[in-house]
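Heads up, the thing below is written out as structure tokens.
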Amino acid sequence: MSILSGRRIVLGVSGGIAAYKAVEVCRRLVDAGAHVSPVLTEASRHFVGETTFSALASEPVQTSLWDETSPIPHTKLGQGADLVVVCPATARLLGTYAAGIANDLLTATLLATRAPVLVCPAMHTEMWEHPAVQDNLALLLSRGVHVVAPEEGRLAGGDIGAGRLADPAVIIEAIERMFVPPDLQGWKVVVSSGGTREAIDPVRFIGNRSSGKQGHAIAAEADRRGAKVTLVTTVDRPINQSIIQVRVESAEQMRQAMMAAAADADLVVMAAAVADFRPVAPAADKIKKDRGVPQVILEPTPDILAALGVVKPAGQILVGFAAETSDLRENALGKLTRKGADVIVANDVSAPLVGFEHDTNQVIILVRRAEADEVDIIDVPLDDKRRIAAVVLDVAASLRPTDGVARSN
Ligand code: PMT
């Protein structure tokens, strides 16, 4: 039986060309056994028809706060829902919702519900990247609203860029994940994300291309699954405010923050790309280029994952990553052994759409099974970084101590 069977889902559709894809989302939800109540905004009806949704959902479509059959439809819909999904969510819808304005049935339902809310933005690239839209989204995220980010691709009018509604299959999977039981409840999870910066002088640094997307996805997924999450990060990306964020810049700052936070953690995940080298003596003032090319002497940075492996308390699960460009398995196996980790998530960052900066990743997960003295290897095909995060946490949860009790309980 599907995890969606019997769930009451309000499907809000706002007015963008991607509204036609909401028809497919509606069909898949109904096929999975969910009770779908479609709510269409006035603008969405320029793109899709009520009859299509009511035929698929076997429910009348609701469009107005002033419906004669139900005097207060927004409270009825909001209170009865297990989940409210807005697909697509336009810039206007996000702005209205973030500002707490209830000017139609859909925005009134969003304010009147205590159920979780999932929004699936879709709009033109310029609108998607506008600071006002990103600020509204960050505000909604900080209030606990869940987001399925749009993809890059062909947009209305033939332009190509970010802002295309996520594929219906991705949206359905995100909806299914909303109903997965909070299996990490009681766990303390510490995650690192982003690339460290090692100062050469006050304006220049040695760094790398890590965007923090993978680490942030792991933190967000652990939070959704009920864990108490601390995220030690070098990057500024929107994240739920229930996650404790510790901002750092250099490898040494990350080391200190991770060692402190990890001491009583059940699960520690080093997804950050820590610079391997740093200048021995960063200049106090900006190095002048007219004085010739500077000779920067480097030294190794502290290996944070290895240090965490040395002090790892009994029962703690330690997950490292490996970013490779060749011999993925061999190199990852070496890191599993050398760094004292229980799990290594290895990505070949030279492959298309894998690793740094992309929304997607493809990994192999090496799991040390202590009792059997062997290493399992799990292949995870190319997928959204949120899905990779979910698989990494599934693996970590499978290693929990046999009494099923988290260390921090
Ligand atoms: O941030 P994104 O743009 O989403 O990209 C994701 C990612 C490519 C950064 C991520 O998937 C990833 O591979 N992270 C690890 C990058 C890395 O530094 O790999 P590594 O093979 O050099 O290091 C192995 C492990 O040791 C890593 O867990 C790393 O965090 C850790 N390490 C490395 C060096 C160091 N001085 N201290 C460490 O703790």
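The values are calculated or read from the model by the stated rules, or taken from the named source; none is laboratory data. The shown structure was predicted, so the numbers you read here are calculated from the model rather than taken from an experiment. Neighbour counts run over all protein chains shown; Cβ positions are idealised from the backbone, glycine included.
Determine if the range 242-261 includes at least one residue that is touching a helix residue (DSSP H, G or I) at 6+ places or on another chain (Cβ under 6 Å), within 21 Å of Val395 (Cα to Cα) and within 16 Å of the ligand (Cβ to nearest atom).
Among the residues of the range 242-261, not one is touching a helix residue (DSSP H, G or I) at 6+ places or on another chain (Cβ under 6 Å), within 21 Å of Val395 (Cα to Cα) and within 16 Å of the ligand (Cβ to nearest atom), which makes the answer no.
Failed condition for Thr107, given (1) among the β-branched types (Val, Ile, Thr); (2) without any contact (Cβ under 8 Å) to a residue 24 or more places away in the chain; (3) part of a loop (DSSP other than H, G, I, E, B), with all others met?
It fails just one condition, (3).
Out of curiosity, is Thr75 surrounded by fewer than 20 Cβ atoms within 10 Å (Cβ to Cβ), β-branched (Val, Ile, Thr), outside any loop (DSSP other than H, G, I, E, B) and in contact with a helix residue (DSSP H, G or I) (Cβ under 8 Å, 6 or more places away or on another chain)?
yes
Tally up the residues in the range 110-127 that are out of contact with any Leu (no Cβ under 9 Å at 6 or more places or on another chain) and part of a helix (DSSP H, G or I), please.
Within the range 110-127, the first condition is being out of contact with any Leu (no Cβ under 9 Å at 6 or more places or on another chain), and the residues that meet it are 111, 114, 126-127.
Checking the rest, the ones that are also part of a helix (DSSP H, G or I) come to 111, 126-127.
Residues that pass the stated criteria total 3.
Give all pairs with beta carbons closer than 7 Å in which a residue from the range 304-321 that is within 19 Å of Val375 (Cα to Cα) and in the same structural domain as Val232 (by TED's automatic domain parsing) meets a residue that is near the ligand (Cβ under 8 Å from one of its atoms) and part of a helix (DSSP H, G or I); count only pairs at least 6 apart in sequence or on separate chains.
Leu318/Leu308; Gly320/Leu305; Gly320/Lys335
I'm told Ala220 meets every condition in (1) more than 10 Å from the ligand (Cβ to nearest atom); (2) closer than 21 Å to Arg255 by Cβ; (3) within 10 Å of the chain's Cα centre (by Cα) except one. Can you identify the failing condition by its number?
Going through the list (1) more than 10 Å from the ligand (Cβ to nearest atom); (2) closer than 21 Å to Arg255 by Cβ; (3) within 10 Å of the chain's Cα centre (by Cα), Ala220 breaks only (2).
Yes or no, residue by residue, for (1) modelled with pLDDT under 95; (2) farther than 24 Å from Cys26 by Cα; (3) not small (Gly, Ala, Ser):
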{"site": "Gly80", "(1), (2), (3)": "yes, no, no"}
{"site": "Leu94", "(1), (2), (3)": "no, no, yes"}
{"site": "Cys120", "(1), (2), (3)": "no, no, yes"}
{"site": "Arg143", "(1), (2), (3)": "yes, yes, yes"}
{"site": "His146", "(1), (2), (3)": "yes, no, yes"}
{"site": "Gly153", "(1), (2), (3)": "yes, no, no"}
{"site": "Gly161", "(1), (2), (3)": "yes, yes, no"}
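Which of the residues that make up the range 273-312 are closer than 12 Å to Gly340 by Cα and either more than 10 Å from the ligand (Cβ to nearest atom) or acidic (Asp, Glu) (or both)?
Asp303, Val310, Val311, Lys312
Sort out for me the helices (runs of 4 or more DSSP H) sitting completely within the range 168-271 that have 3 or more residues that are in the same structural domain as Gln295 (by TED's automatic domain parsing) and closer than 21 Å to Asn347 by Cα. Reasoning before the result, please.
Numbers: elements: 168-178, 213-224, 251-262.
Counting at least 3 such residues, we get 213-224.
Among (1) buried (at least 22 other Cβ atoms within 10 Å of the Cβ); (2) of a type in the set (Phe, Trp, Tyr); (3) within 16 Å of the ligand (Cβ to nearest atom), there is one condition Trp187 misses while meeting the rest; what is its number?
The failed condition is (3).
Given the conditions (1) in contact with a helix residue (DSSP H, G or I) (Cβ under 9 Å, 6 or more places away or on another chain); (2) modelled with pLDDT of 95 or more; (3) surrounded by 24 or more Cβ atoms within 10 Å (Cβ to Cβ), which single one is not true for Ala265?
Failing condition for Ala265: (1).
Exactly one of these conditions fails for Ser64: (1) surrounded by fewer than 17 Cβ atoms within 10 Å (Cβ to Cβ); (2) within 22 Å of Phe179 (Cα to Cα); (3) touching a residue at least 40 places away in the same chain (Cβ under 8 Å). Give me its number.
(2)
Where the second residue is of a type in the set (D, E, K, R) and assigned to a helix (DSSP H, G or I) and the first is within 15 Å of Glu374 (Cα to Cα) and within 10 Å of the ligand (Cβ to nearest atom) and lies in the range 333-359, which pairs have Cβ atoms under 7 Å and are six or more apart or on separate chains?
Pairs that qualify, where the first residue is within 15 Å of Glu374 (Cα to Cα) and within 10 Å of the ligand (Cβ to nearest atom) and the partner is of a type in the set (D, E, K, R) and assigned to a helix (DSSP H, G or I), are Ile344/Lys335.
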